[in-house]
Amino acid sequence: MRPDRPSTSGPLAADEFRSLLERGYADTSVRFLARAWRCEPGAETLIAAVDDTGQRPLDPAALTELERAVFWLLQERGGRGRGENLRRDLLLRGFGESEPTLASLIAAGLLIPIPAAADHDCDIEVLLERGSFLQHDLALTPATLANLDAAPDALNIDVPTFNDVSIEPTVSSVDDLELNLLHLASLIRRDPLKLNKDGTPNRRSLARAARGISMPGQLGEVAGDLDLHDPRQLDYLTFLAALGRELGILGPDGDRYRTGDAALAEHFHAPGAERDRRLGEALQRLRYWNEVESVRLAEMTLRGADDQHFSQRESTGEPLIGARGFVLSVLRRASVREWASVAAITELCTQIDRQYLDRTLAKMAGQCEPAQFIDAMIERTLSWSGLLQFGRTDDNQRVARLSPRGARALGLEGSEIPAPQGGCLIVQPNFEVMVFLDNAPVSVLHELYRVGERRKLSDRVATFQLAAESVQRGYSLGASATALVELLNTFGHTPVPEAVAFQLNDWERVHQRLTIHRQGVLLRHPDPERFDMIIGQLEHDLRESSHRAIRLGARDAFVTTADHDAIRRAAEAHPSLTLSSTGAPTRTLYFVDPLVVMADPYELDVVTQVELGHLTDVLEDESSPRSRFFALNIEKIRARFPDDPLDQIVAFLDARCPGGLPTGQALRLQAELDRPARAHLAEELIVLSFEDRLSADRFAGLEEAPDLIERRLGHLHFVIAADARDLLDEILEETGLTLHKSPFDRDE
Amino acid sequence: MVHGTSHRRERSAPDPSLRYATLAQDLLVVNHGLALMLCEDAAILEETLRAIEPLDLHIRRIGDLALLVPADEIEGVLETLHAQGTFPRVLGPQLIPDTQEAP
């Protein structure tokens, strides 16, 4: 059982101290405090000293600036604070490193480390030796607090406050960043971004999407000022592309960067808090962009810049993932929601767990000091993403704080942001939609990017044009006229003009004149009556699902899914044949004559059927509706497979004939497409066969062998020269070979 | 032609005559891996065929309104149609190519 402790906040009161002396402090701590307080090491004496203002009088004049700051902060917090929080907050307020000062105040008995709840043997001297007092609450005694109250001069310090701050115009906001990402991804959706061999974005391809981007702090789009030879612009676009990749809205596909509508819709329709959380994680995970290099670039021309930095195949940012996570964690713990000097934020991140940063950054290629990295992260990653806001004070001091969405991205509590209320757009009769960005949810912008072309962006107003092509493209991506008109009415300051609504519906009618079902199964049966029965059952089985069977004729139907059990049941309930038009072909071609195949057209998959049209002539006279004869046409084969006609036609037929391409047909194709296989026919031969290889080898080694043997066939057989019969008889006699009347059973 | 033998019809195994016996059974053919292009009228079908003609696809036409292509060729069709300013209604998920090699 843990002893009850009377208090865990405020100054160290006598009853709590009594409890800690009983079960909390080790004897060494009791002696330590007695020495520090210059009293007897008895429990009662010490407990009495806690409230005795005369025991440890304060001399304000003897206090250092930092000691005053520690007392000021502790008084602000009611007399107690966690060591690492005190240190962090003092760093953040520009007082610098306070760990030695905290240690000296503990050593003087003015700050008391409070044992952790489970610690029954807390040794204050050990805490000081190890520096682990930062992980403990540090409390003032009521006596010290009273002494501080009595000496207001002791707390007379110059605490920086930043009330009159003007926001810097050169930074971005999370809203700006999202609009840029949406714009870039929407244009890449239509026209994938080409990547060069080294992974850098192709400039011409990038320029098409980049003209509509607004650079950090810029109100309108970059438009005519776009210069991809400017390393800063190219760097910012690289940042956007790399971030889009980590957010899952852009992805490499061979030599292109692409995006999918589903991924875009999923991201930009997610709730704001979720998007912000993803942003925080993605910024930490950035693999294909590096803020340290980004800062170095600012002083270079593009010619001097290393292309590796812009490459979307070189994970130059990966070594910094741990360091970024560290900085974000420090900002989260410090909860920097009020203005703080940028120098103090850098100092805070540098000083807290400096060893970790040193270790992490040591893995990076190239030299990078912790302060240099933190500075780069603040000036680039956190500035460009809008997680931090920056400002200037009256005395020109640069300050920063977490933006509301930045705080939410770091998961800080109490960072709810009210959703924009009221209208944000106006639909004009000329099919232009003006959107007031400050009040526009990003999901509305996503819908407008789907169905429209953004024509202009200036002064927080974006103008989209709805055109036949763009709207039908949007419909093909899943938008609908009804939903679009409803959205425009819901978020519009005025109702959608009637002519516009009519046209949106009409474009949908045009769009639906061609419907594509991406995946499904074709069912065919030569008997229409039986097919009616099969499809009737199938329609019944599909009635609860979103899929359907579309009749294409008396003998054909298309089912809009391949996975439903109803299809499997239909195939099992009737004699059936399963074909695949994307996998291995079924063997449905039968050779019936040299270079003539027969097939049942019902049993041909689409690829085989179309290829037969390219490679053969149909023998109409011999064919019937259910058995078609196709004569392979050598000229057509050469035309279809110009590079390697023999290999390709053999591969085509081999995969489609039961048992593979008959060898005779392969020889014939070789003769037609390459050159005939050559053979020699020899008649009236004398063949001598041996029973074993050793005897055959000895025979081959005879002195007369060159005159006797015309050719050796394998190990055991010899063709004897036609004019050497007499010589053979002679040898047989000389060597004692006996001739069997019948061939040997065992062959080689 | 081999000397002393008559002309021999070369056949794939099994003997096609067996196939005629199977044909008599009238099989239900289940053809997987297809995409369907369904047109409002014959004119739209002709227009669509003309638009995708350069692609060298495997297209089977069924009646006046339907075109079938292997599902792995439909994205090329869509790209071509989009490039020409036609944005058809598209239903169903995109085919994910099987990149794993067969064992």
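Numerical summary
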item: Taking region A:613-740 and dividing mean pair separation by its residue count, relative contact order in percent (alpha carbons under 8 Å, at least six apart); result: 14 percent
item: A:S458 versus A:T494: modelled label distance in nm, points set 7 Å from Cα along the beta carbon direction; result: 2.1 nm
item: Cubic angstrom per residue, convex hull over Cα atoms of region A:258-371; result: 142 Å³
item: Dimensions (Å) - region A:462-603, Cα atoms, principal axes, largest first; result: 74, 39, 24
item: Partner chain coverage, peptide A:601-609 - average Cβ within 10 angstrom; result: 5
item: On Cα atoms only, tilt of A:65-76 relative to the major axis of chain A in degrees; result: 90 degrees
item: Theoretical gain in end-to-end length, A:A108 to A:L681 [0.36 nm per residue, Cα-Cα removed]; result: 194.8 nm
item: Rg and Dmax [Cα atoms of region A:590-673; Å; Rg one decimal, Dmax integer]; result: 12.0, 34
item: Student exercise, region A:590-673 dipole from Lys, Arg, Asp, Glu Cβ charges, in Debye to nearest 20; result: 60 debye
item: Set of aspartates and glutamates with alpha-carbon distance to A:K194 below 17 Å, sequence-local pairs under 8 removed; result: A:D235, A:D253, A:D255, A:D307, A:E314, B:E79
item: Kirkwood Rh, Cα atoms: Rg over Rh of region A:1-91; result: 0.99
item: Region A:174-409: radius of gyration over Cα atoms, expressed as a fraction of 2.2 N^0.38 Å; result: 0.98
item: Per-residue Cβ neighbour rank within 10 angstrom, fewest leading, A:R324, A:R23; result: A:R23, A:R324
item: Three principal axis lengths of chain A [C-alpha, angstrom, descending]; result: 138, 91, 61
item: Computed FRET value (nearest 0.05) for A:E22 with A:Q135, which takes r as the C-beta separation and R₀ as 22 Å; result: 0.45
item: Residue-averaged beta-carbon neighbours from other chains (10 angstrom radius) around A:656-662; result: 3
item: Relative pair counts by distance (%), Cα atoms of region A:405-522, 5 Å bins; result: 2, 11, 19, 20, 15, 10, 8, 6, 5, 2, 0, 0
item: Among A:W72, A:L619, A:L382 - extreme Cα towards positive end, dipole of the protein assembly as shown, charges at beta-carbon; result: A:W72
item: 0 to 90° range, to nearest 10: angle between helix A:27-37 axis and chain A longest Cα axis; result: 40 degrees
item: Residue order, fewest to most beta carbons within 10 Å, for A:D532, A:D123; result: A:D532, A:D123
item: Per-residue mean of C-beta atoms belonging to partner chains within 10 Å, peptide A:568-578; result: 3
item: Label zone at A:E338, where the point sits 7 Å out along the Cα-to-Cβ direction: region A:78-113 residues whose backbone N lies under 20 Å; result: A:78-98
item: A:V610, A:V521 arranged by Cβ crowding within 10 Å, fewest neighbours leading; result: A:V610, A:V521
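Rule-based calculations on the coordinates, nothing more; no lab input. Just so we're clear, the structure is a prediction, and the values are computed from it rather than from any experiment. All Cβ positions, even for glycine, are placed from backbone atoms using ideal geometry, and neighbour counts span all protein chains on display.
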